[in-house]
Amino acid sequence: MLNGSAKLNKKIFLKNVASRPLRDGYGEGILEAGEKNENIVVLCADLTESTRNLAFKEKFKNRFFEIGVAEQNLATVGSGLGITGKIPFISSYAMFCPGRALEQIRTTICYNDSNVKIMGHHAGISVGPDGATHQAIEDIAIMRTLPNMKVIVPCDAIEAKKATLAAAQIYGPIYIRLAREKTPIITTADTPFIPGKAYTIWNPKIGKKPVCTIIGAGGVLYNALLAAKELEKDNIHVSILNLHTIKPIDKKAIISSAQKSGCVVTVEEHQIMGGIGSAVAEVLSSEYPVKIEMVGINDSFGESGTPAELITKYNLDKNSIITAVLKVIKK
Amino acid sequence: MPHLNQKKLEELYTTANLIRQDIIKMLLNAGSGHSAGPLGMADIFTTLYFHILNHNPKKPLWPERDMVILSNGHICPGLYMTLAHAGYFPIKEAIETLRKLGSRLQGHPHRGVLPGIETTSGPLGSGLSQSIGMALAFNLDKKKNRIYCLMSDGEHNAGNTWEAIMLAGKLKLNNIIAIMDRNNIQIDGYTEEIMPLEPLRDKYESFNWHVLEIDGHNIEAISDAIDEAKAIYEKPSLIIAHTIPGKGVDFMENEYSWHGKPPNEREAKEALRQLRTLQNKIECE
């Protein structure tokens, strides 16, 4: 059952559940952050509308900078602003930034400890028909290995807005991963969001003990909820932890949930290698070793297709999560 | 800037020479590092820190200061030694700790650990972009700080450099004065053989920059060029400074093999002998 104290969207399991792209939440967040703090500036690389920066551009003309199709420049100009008292939010598709600008992000943003917020739009394979060239599925792994960098993967538009507003208040490099497609709204404005603090979105029925914890982040958590609900019908009770902040990782929440359930399934729209599953395994293997099954992309590129087709083909759907849970509890 | 009289000029040349001598000593101690670039840029470093810049070595974070961005971070021995001579930190520390474990003088410059270092650099091609970010921040805050971005010619192979040249021209950032160390060498050989860059002046001008060209060892010319660049209001300025890599040490001059190595004891001794002879000449003039 949904965790009541997380104040989630009660209509999440309705057929016509409200859906919005995560980028819309960013667009609202950056506008609000810009109103609150005049040091916030936005840089974009020829993708102003699709990265939802148009409203900011129109409202704060002199604080918006069009860099053109030049993502290395996007990152390094951001670096200069971020060490001179500004709070730059730099936006492109995740495949290009961070994708193309890794060294610049490492040296001039992270090592330099510049106050840059990197918005990785259109991440994951669910970007769909554009195909594998535009499907960033390595970005979490790469960003979380950079010292000074924080990594946030919101699960819906509301959480994306909260993450944007939070990033504006925290000094230092932050990567926020966003997605293109409409994603079911899991949370509400009242759901607590504290960077670095994971929270439970699904609990076993009262009086039942969880046999497995599902840990994940991003829109794919919706599929985890569908899986949990179906498993519940078969009297298999799990917990789901929303690990929205991949770095710094909430060790305490991960360990305590593993202690309660005894095994873990991780879910992410990202390569298994180096991603959220790996991050969770890094914590548990040294602190509280349990069996883990990882749902994610298994060392392959994506391809063209509808988001739903791709999510199914690449084993990120409800059934794949159910299979993983059944497998791990039998291990 | 006040005009450079003969006495001041001699002082500056002497300072540049002493900085060169200390660069040799620090590279010998370090056992690795770059020789040619730091020696070639010593006159420009000296002119900036001892004549041009609005700065205060005792208050390195003074908000009104001009900023020097060293895009080609590998010539940092030149910057470090100039900062030390200007009073940012002890010369002894510079001579003894470059590239050593625990040192504030990292192999490439790192912001936050050493006074006077404005940004982390080393991987080529990102200094001008960072300068643009800083220039935009100063413009938003209506501040008059200037940014002097020092670049190598070799880093004009990099796409990031041209992305920045295009953007600074578009934004008409007149608070940026870029100085290119046009010494014609890079690691693998002569720049025009590795990847032809000319005509650099035409390229920059077509990207909406004001371009000046000078002898990078003529301190009067350096100072005059910067004065002219400051008076240009409608665009950023580039000063192409023709320099001799390894300047002051005959066996290092114009030899690309000296790009990335330090002198050994015998070579350092000979280099110091030559530089001291030059110093005597300056003082006798």
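Applying the criterion of being closer than 16 Å to B:LEU105 by Cβ and of a type in the set (Val, Ile, Thr) to the residues of the stretch B:1-45, the residue that is surrounded by the most Cβ atoms within 10 Å (Cβ to Cβ) is B:ILE23.
If I ask for residues that are among the charged types (D, E, K, R), within 19 Å of A:ARG100 (Cα to Cα) and over 25 Å from the mean Cα position of the chain (by Cα), which ones from the stretch A:30-83 would you list?
Here is the first cut: in the stretch A:30-83, the residues among the charged types (D, E, K, R) are A:32, A:35-36, A:38, A:46, A:49, A:52, A:57-59, A:61, A:63, A:66, A:71.
Okay, now just the ones that are also within 19 Å of A:ARG100 (Cα to Cα), so A:46, A:66, A:71.
A:GLU66, the sole residue that qualifies.
Take the residues in the stretch B:214-259 that are more than 16 Å from the chain's Cα centre (by Cα) and among the β-branched types (Val, Ile, Thr); name whichever of them is nearest to B:GLU192 (Cα to Cα). Here the answer is B:VAL249. The residues listed here are A:PRO88, A:PRO154; of these, the one that is surrounded by 24 or more Cβ atoms within 10 Å (Cβ to Cβ), at pLDDT 95 or above and within 14 Å of chain B (Cβ to nearest Cβ) is A:PRO88. Just one of (1) surrounded by fewer than 24 Cβ atoms within 10 Å (Cβ to Cβ); (2) in a helix (DSSP H, G or I) fails for B:THR82. It is (1). Within the stretch B:260-272, being basic (Lys, Arg) and either more than 28 Å from B:TYR190 (Cβ to Cβ) or surrounded by 13 or more Cβ atoms within 10 Å (Cβ to Cβ) (or both) holds for B:LYS261, B:LYS269.
Here A:GLY82 fulfils each of the conditions (1) within 18 Å of B:LEU167 (Cβ to Cβ); (2) in contact with a Cys (Cβ under 6 Å, 6 or more places away or on another chain) apart from (2). Scoring B:LYS170 on the criteria (1) within 14 Å of chain A (Cβ to nearest Cβ); (2) buried (at least 19 other Cβ atoms within 10 Å of the Cβ); (3) more than 26 Å from B:HIS51 (Cα to Cα) leaves a single failure, condition (2).
Going through the stretch B:199-220 one residue at a time, which ones are in a helix (DSSP H, G or I) and surrounded by fewer than 19 Cβ atoms within 10 Å (Cβ to Cβ)? Before you say what the answer is, go through the steps one by one.
Pass one, the stretch B:199-220, residues in a helix (DSSP H, G or I): B:200-206, B:219-220.
Across the stretch B:199-220, the qualifying residues are B:LEU200, B:ARG201, B:ASP202, B:LYS203, B:GLU205, B:SER206, B:GLU220.
What helices (runs of 4 or more DSSP H) completely inside the stretch A:1-96 contain at least 3 residues that are in contact with a Phe, Trp or Tyr (Cβ under 7 Å, 6 or more places away or on another chain)? Break it down stepwise before answering.
Details: elements: A:22-36, A:54-59, A:71-82.
Those helices (runs of 4 or more DSSP H) span A:22-36.
Summed over the stretch B:2-50, residues that are touching a helix residue (DSSP H, G or I) at 6+ places or on another chain (Cβ under 6 Å) and on the phi > 0 side of the Ramachandran plot total 1.
Residues in the stretch A:46-65 that are crowded, with 17+ Cβ neighbours inside 10 Å and within 10 Å of another protein chain (Cβ to nearest Cβ): 2 in all. Applying the condition of being buried (at least 21 other Cβ atoms within 10 Å of the Cβ) and of a type outside the set (A, V, I, L, M, F, W, C) to the stretch B:124-145 and asking which residue is nearest to the chain's Cα centre (by Cα) yields B:GLY127.
The values are calculated or read from the model by the stated rules, or taken from the named source; none is laboratory data. Just so it is clear, the structure is predicted and the values come from calculations on it, not from any experiment. Because the Cβ atoms are built from the backbone with ideal geometry, glycine has one as well, and the counts that use them run over all protein chains shown.
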